[in-house]
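Beneath this line is the structure, given in C-alpha coordinates, with notes to follow.
The values are calculated or read from the model by the stated rules, or taken from the named source; none is laboratory data. All values reported here derive from a predicted model rather than from experimental measurement. Glycine also receives a Cβ, built like all others from the backbone with ideal geometry; neighbour counts cover every protein chain displayed. Side chains are part of the model used for accessible areas, which takes the heavy atoms of the whole protein and leaves out ligands, DNA and RNA. Shrake-Rupley method; radii C 1.70, N 1.55, O 1.52, S 1.80 Å.
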Amino acid sequence: MKRGIAGSLESNDALITVKESDALKITVKSIVYDFFHKQIEKVILDTLQELGYDKIEVVCEDKGALDYTIKARLTVAIARMEASE
(Lines give C-alpha, C1' and ligand atoms only; values in the text may rest on other atoms or scores of the structure.)
Protein backbone atom coordinates (compact mmCIF):
# COMPACT_ATOMS: atom_id res chain seq x y z
CA MET A 1 0.00 0.00 0.00
CA LYS A 2 1.37 3.40 -0.97
CA ARG A 3 1.86 5.98 1.75
CA GLY A 4 3.56 9.31 2.24
CA ILE A 5 4.63 11.39 5.23
CA ALA A 6 5.60 15.05 5.54
CA GLY A 7 6.20 17.47 8.40
CA SER A 8 7.18 17.08 12.02
CA LEU A 9 5.80 17.19 15.53
CA GLU A 10 7.64 20.41 16.33
CA SER A 11 5.74 23.44 17.59
CA ASN A 12 3.84 25.32 14.84
CA ASP A 13 4.12 22.37 12.43
CA ALA A 14 2.04 19.36 11.47
CA LEU A 15 2.87 15.76 10.67
CA ILE A 16 0.71 14.57 7.78
CA THR A 17 0.44 10.91 6.83
CA VAL A 18 -1.50 9.84 3.74
CA LYS A 19 -2.19 6.43 2.28
CA GLU A 20 -4.27 4.87 -0.43
CA SER A 21 -7.86 4.12 0.58
CA ASP A 22 -11.14 3.09 -0.98
CA ALA A 23 -12.89 6.06 0.69
CA LEU A 24 -12.13 9.51 2.04
CA LYS A 25 -10.98 9.33 5.68
CA ILE A 26 -9.65 12.31 7.60
CA THR A 27 -8.36 12.14 11.17
CA VAL A 28 -7.25 15.31 12.93
CA LYS A 29 -5.29 15.29 16.19
CA SER A 30 -4.45 18.80 17.32
CA ILE A 31 -3.37 20.73 20.38
CA VAL A 32 -5.95 23.33 19.30
CA TYR A 33 -8.63 20.83 18.23
CA ASP A 34 -11.46 22.39 20.24
CA PHE A 35 -10.93 25.74 18.57
CA PHE A 36 -9.76 24.98 15.03
CA HIS A 37 -10.66 21.40 13.98
CA LYS A 38 -13.25 22.63 11.45
CA GLN A 39 -10.74 24.99 9.84
CA ILE A 40 -8.04 22.28 9.72
CA GLU A 41 -10.50 19.85 8.09
CA LYS A 42 -11.53 22.55 5.59
CA VAL A 43 -7.91 23.18 4.58
CA ILE A 44 -7.39 19.45 4.09
CA LEU A 45 -10.61 19.02 2.08
CA ASP A 46 -9.93 22.09 -0.08
CA THR A 47 -6.38 20.91 -0.81
CA LEU A 48 -7.56 17.40 -1.68
CA GLN A 49 -10.17 18.88 -4.02
CA GLU A 50 -7.53 21.08 -5.72
CA LEU A 51 -5.30 18.03 -6.22
CA GLY A 52 -8.17 15.83 -7.42
CA TYR A 53 -8.25 13.30 -4.57
CA ASP A 54 -11.52 11.95 -3.19
CA LYS A 55 -10.38 8.51 -1.99
CA ILE A 56 -7.47 8.81 0.41
CA GLU A 57 -6.78 8.44 4.12
CA VAL A 58 -5.27 11.49 5.82
CA VAL A 59 -3.99 11.68 9.38
CA CYS A 60 -3.03 15.17 10.55
CA GLU A 61 -1.13 15.52 13.83
CA ASP A 62 -1.17 19.28 14.32
CA LYS A 63 0.99 21.26 16.72
CA GLY A 64 -0.47 24.68 15.95
CA ALA A 65 0.43 24.91 12.27
CA LEU A 66 -0.97 27.69 10.11
CA ASP A 67 -3.20 26.87 7.13
CA TYR A 68 -0.45 27.25 4.53
CA THR A 69 1.79 24.86 6.49
CA ILE A 70 -0.93 22.20 6.62
CA LYS A 71 -1.55 22.62 2.88
CA ALA A 72 2.16 22.38 2.07
CA ARG A 73 2.66 19.30 4.26
CA LEU A 74 -0.36 17.58 2.71
CA THR A 75 0.81 18.35 -0.82
CA VAL A 76 4.29 16.94 -0.14
CA ALA A 77 2.90 13.85 1.63
CA ILE A 78 0.72 13.10 -1.40
CA ALA A 79 3.68 13.60 -3.77
CA ARG A 80 5.75 11.20 -1.66
CA MET A 81 2.90 8.67 -1.64
CA GLU A 82 2.69 8.81 -5.43
CA ALA A 83 6.47 8.38 -5.72
CA SER A 84 6.58 5.37 -3.38
CA GLU A 85 6.66 1.86 -4.74
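Look at the Cα gyration tensor of the stretch 35-85: its axes a ≥ b ≥ c give a/c of at least 1.5 with a/b over b/c, and that counts as prolate.
In the stretch 1-69, which trypsin sites (Lys or Arg not before Pro) fall in coil by DSSP and have 11 or fewer other Cβ atoms within 10 Å?
Within the stretch 1-69, the qualifying trypsin sites (Lys or Arg not before Pro) (loop, at most 11 other Cβ atoms within 10 Å) are K55.
The residues of the chain expose on average 62 square angstrom of accessible surface per residue, using a 1.4 Å probe on protein heavy atoms.
Computed about its Cα centre, the charge dipole of the chain is approximately 80 debye, with only Lys, Arg, Asp and Glu carrying charge at their Cβ.
Report, in listed order, any pair from K2/K25; K2/K38; K19/K71; K29/K71; K29/K55 with a Cα-Cα distance greater than 18 Å. In this structure, K2/K38; K29/K55 exceed 18 Å between Cα atoms. Note that the stretch 3-9 has calculated 3J(HN,Hα) couplings of 8, x, 9, 8, x, 8, 9 Hz, one per residue in order, obtained from phi through the Karplus relation 6.51 cos²θ - 1.76 cosθ + 1.60 (θ = phi - 60°); glycine and proline are x.
How much of the accessible area of the chain, probe 1.4 Å, is carbon plus sulfur, in whole percent? Within the chain, the accessible surface is 51 percent carbon and sulfur.
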